[in-house]
Structure formats: C-alpha cells, structure tokens
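A short worksheet on the structure shown next.
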Amino acid sequence: DKELVRKADKAFAFVIEKAPQLTAPYLYRAKNQVFLDDRENPQGIAVPYFEKYIEVVKSIGDAEVQKEKANLIEIYNSLAYQFVQKEDFAKAKQLAEETIKLDAENTYAKQILDFVVAKQAELQRTGR
C-alpha cells in the first residue's frame, strides 16, 4: 500500500530531522523509496536517498564505513546496475569501483566493471 509507504517516509524524515547523526534512518528511508518507484519502468527515485546515506556514512569516518560495509556494497552494486541500465557507464564504473575499494574480490562489481569497460570500448570504436 503506497499510503503506508508514504507514512513511513514521513516517519523516517522526522527521525532524520531530529537525529541527523544516525545512519539507519537514511538507509531505511532510501529502501522505502524503492517501493514508491514504478516497478515496470523505474525512475530511480530512491537514488538521491541512497546517495545521502552514503554521504552521511562517509562523513562520520572510516570506522562507520567499515561498520556499514555490507550495506554500502549492496547499494553501490545496485546503483551501478541501475546506471548500466540507463547507459551511464561512467557513473556505473565509479560505483563499481567504490565496491572494489571495500571488497577487492567482489564478483558482481568485477562483472559490472568488465561489462562497462567493454561497452565503453565498443562505443568508442563505433563513435557513439
């Protein structure tokens, strides 16, 4: 029910306003936004919310990044895939590289990087 999702969003926004130093409300608000997006033709409305979560985590410091590592990897990979779908290969590559910084052996991020590098080379060859 989208009305419940909107109410949850308001609750997360309230918590963020009252306790902006907490990372969890940013994450849950971002995940909540996914439910408001069009499933058939996603517009990426959650992207800025995930980006804000990443920004807050990084601003707290490396210890927080390490604590949130699994969430960050999931988000970077998910966003990288979304940007591949939009054919924004530079952004997809940047996000996959962020995953590699956290987990050098991440198979999914390596696959995205391989795909993006090949796609960029193909586009360069064909002049597109």
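The values are calculated or read from the model by the stated rules, or taken from the named source; none is laboratory data. Here the structure is a predicted model, which is why all the values come from computation and not from measurement. So basically every Cβ, Gly included, is an ideal-geometry build from the backbone, and we count neighbours across all protein chains shown. Surface accessibility is based on the protein's heavy atoms, side chains included, excluding ligands, DNA and RNA. Shrake-Rupley method; radii C 1.70, N 1.55, O 1.52, S 1.80 Å.
How high is the relative contact order of segment 30-83, in percent, with contacts defined as C-alpha pairs under 8 Å that are six or more residues apart? Each step should come with its number before you reach the end.
Details: 30 pairs, mean separation 14.4, N = 54.
Value for segment 30-83: 27 percent.
Any chance you could run the full-extension gain for E51 through L123? It's 0.36 nm times the residue separation minus the Cα-Cα distance, nm to one decimal.
Numbers: separation 72, 0.36 × 72 = 25.92 nm, distance 2.77 nm.
So the chain would gain 23.2 nm between E51 and L123.
Using alpha carbons only, how many angstrom separate the centre of segment 91-123 from the centre of segment 27-88?
What the calculation gives is 16 Å, centre to centre.
Using a 1.4 Å probe, what is the accessible area per residue for the chain, in Å²?
On the way: 8100 Å² over 128 residues.
About 63 Å² of surface per residue is accessible.
Hey, in the GNM for the chain with a 10 angstrom Cα cutoff, which one of E55, E98, E40 fluctuates hardest?
E40
Is the shape of segment 71-128 best called rounded, prolate or oblate, per the rule: a/c under 1.5 gives rounded, else a/b larger than b/c gives prolate, else oblate, with a ≥ b ≥ c the square roots of the Cα gyration tensor eigenvalues?
Values: a/c = 2.92, a/b = 1.87, b/c = 1.56.
The shape class here is prolate.
Ranking request for peptides 57-67, 117-127, 19-29: highest mean number of other beta-carbon atoms within 10 Å first, then the rest in descending order. Provide the component values of the computation, followed by the final result.
Details: 57-67: 12.7, 117-127: 10.4, 19-29: 16.3.
Averaged packing, sorted descending, gives the order 19-29, 57-67, 117-127.
Tell me what the chain gives for mean residue ellipticity at 222 nm when only DSSP H runs of n ≥ 4 count, each as -39,500 (n - 2.57), the sum divided by the residue total, rounded to 500 deg cm²/dmol. Each step should come with its number before you reach the end.
On the way: 7 runs with 99 residues, N = 128.
Taken over the chain, the calculation gives -25000 deg cm²/dmol.
Please work out the FRET efficiency for the pair S59 and K86, using the Cβ-Cβ distance as r and a Förster radius of 30 Å; give the result to the nearest 0.05. The partial results should precede the final answer.
Numbers: r = 27 Å, r/R0 = 0.89.
FRET efficiency, S59 to K86: 0.65.
Springs between alpha-carbon atoms under 10 Å, Gaussian network over the chain: tell me which of K18, K110, K93 tops the mean-square fluctuations.
Sorting by GNM fluctuation, first place goes to K18.
Rounding to the nearest 20 debye, state how big the charge dipole of the chain is about its Cα centre with +1 on each Lys and Arg Cβ and -1 on each Asp and Glu Cβ. Please list the in-between numbers first.
Details: 20 positive and 21 negative charges, 36 e Å.
For the chain, the charge dipole is close to 180 debye.
I want the local charge near I112. Using Cβ-Cβ distances under 15 Å, sum +1 for each Lys or Arg and -1 for each Asp or Glu among the other residues.
Net local charge, I112 excluded: -2.
Over segment 24-63, what percent of the accessible surface lies on carbon and sulfur atoms, probe 1.4 Å?
The C+S portion of the solvent-accessible surface of segment 24-63 is 53 percent.
Given R₀ = 25 Å, what would the calculated FRET efficiency be for D38 paired with L4, taking r from the Cβ atoms and rounding to 0.05?
Working: r = 18 Å, r/R0 = 0.71.
Efficiency, from the Cβ-Cβ distance: 0.90.
Aspartates and glutamates near K110 by alpha-carbon distance under 19 Å, same-chain residues fewer than 8 away left out - which ones?
Candidates past the 8-residue exclusion: E74, E87, D88, E97, E98, E122.
Does anyone have the angle between helix 47-60 and the longest principal axis of the chain? Alpha-carbon axes, 0 to 90°, nearest 10?
Once rounded, one gets 80 degrees.
Let's test the formula: R0 of 35 Å, r as the Cβ-Cβ distance of Q66 and T107. What FRET efficiency results, to the nearest 0.05?
Details: r = 21 Å, r/R0 = 0.59.
In this case the efficiency is close to 0.95.
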